[in-house]
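Notes follow once the structure below has been shown.
The values are calculated or read from the model by the stated rules, or taken from the named source; none is laboratory data. It should be emphasised that the depicted structure is a prediction, and the values quoted were computed from it without experimental measurement. Note that we place each Cβ from the backbone using ideal geometry, even for glycine, and neighbour counts take in every protein chain shown.
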Amino acid sequence: MSGGHTSTAEGKEVRHLLGKSLTISDDAGELRVKLGVQDGTSRLELNDRHGRSRVFLHADLQGQTTLFLKDGTMKERVGISVSDLGPAMMTLWAKDGQGLVSAYVDLKGSKGFAIEDKGGTTRAVLEVTPSGSLRLELRDTNGKVLWKAPGE
């Protein structure tokens with residue numbers, strides 16, 4: 001790594017660093033931050049005091065930017081993604097990693113919420129289409145629609 005105004009002495013300002021990756025450790029020597037580029041994907045990883053990855057952010061070559069947050073048991077609990085093509089999604093997982101709730105905007109511009117059960121089956125959908133029509137669906141444990149309000 002190269003840079004301007006760098007110094008190994010504490011208290012010195014670093015104005016510019018140039019390189020492929022950067023890692024930062026805490027006073028105990030535990031790796032806390034990793035920043036870099038791998039196969040064209042920009043990545044940032046934040047670790048807890050035990051060196052476990054708790055926050056992961058990446059921007060890939062296909063235009064997808066994603067953020068994941070993990071809990072103390074290392075299960076993903078929150079995910080946020082956006083795409084250059086238009087879709088965006090925020091997902092919340094239950095503490096046991098089962099079931100999720102998603103808020104989304106899809107390729108066509110529909111906006112909605114989807115709720116899955118612990119088996120990963122979508123059980124409820126609330127969506128507003130680009131024309132403004134509302135769609136509401138309630139599904140059984142197999143994903144079969146039990147009831148719906150009209151939409152497009």
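Would you point out the residue of the range 65-82, among those that are polar (S, T, N, Q) and modelled with pLDDT of 95 or more, that is nearest to A28 (Cα to Cα)? First the steps, then the outcome.
Looking only at the range 65-82, we keep the residues that are polar (S, T, N, Q), and these are 65-66, 73, 81.
Okay, now just the ones that are also modelled with pLDDT of 95 or more, so 65-66, 81.
Details: T65: 32, T66: 30, S81: 33 Å.
Restricting to residues being polar (S, T, N, Q) and modelled with pLDDT of 95 or more, the top hit is T66.
Inspect the range 45-55 for any residue being part of a strand (DSSP E or B), at pLDDT 95 or above, of a type in the set (D, E) and under 20 Å from the mean Cα position of the chain (by Cα) and give the result as yes or no.
There is at least one residue in the range 45-55 that is part of a strand (DSSP E or B), at pLDDT 95 or above, of a type in the set (D, E) and under 20 Å from the mean Cα position of the chain (by Cα).
Restricting the search to the range 11-52, which residues are under 23 Å from K75 (Cα atoms) and aliphatic (A, V, I, L, M)?
Selection gives L31, V33, L35, L44, L46.
Looking at the range 82-101, is at least one residue under 10 Å from the mean Cα position of the chain (by Cα) and not hydrophobic (A, V, I, L, M, F, W, C)?
Scanning the range 82-101 turns up at least one residue that is under 10 Å from the mean Cα position of the chain (by Cα) and not hydrophobic (A, V, I, L, M, F, W, C).
Does the range 46-67 include one or more residues that are acidic (D, E) and within 15 Å of R32 (Cβ to Cβ)?
Of the range 46-67, the ones acidic (D, E) are 48, 60.
Among the residues that remain, those that are also within 15 Å of R32 (Cβ to Cβ) are: 48.
Looking for residues that are acidic (D, E) and within 15 Å of R32 (Cβ to Cβ), one finds at least one in the range 46-67, hence yes.
Scan the range 137-149 residue by residue and report those that are in contact with a Leu (Cβ under 6 Å, 6 or more places away or on another chain) and closer than 15 Å to Y104 by Cβ.
Scanning the range 137-149 gives no hits.
Please indicate, with yes or no, whether at least one residue in the range 22-36 is modelled with pLDDT under 95, surrounded by 13 or more Cβ atoms within 10 Å (Cβ to Cβ) and not in a strand (DSSP E or B).
Yes, that holds for at least one residue.
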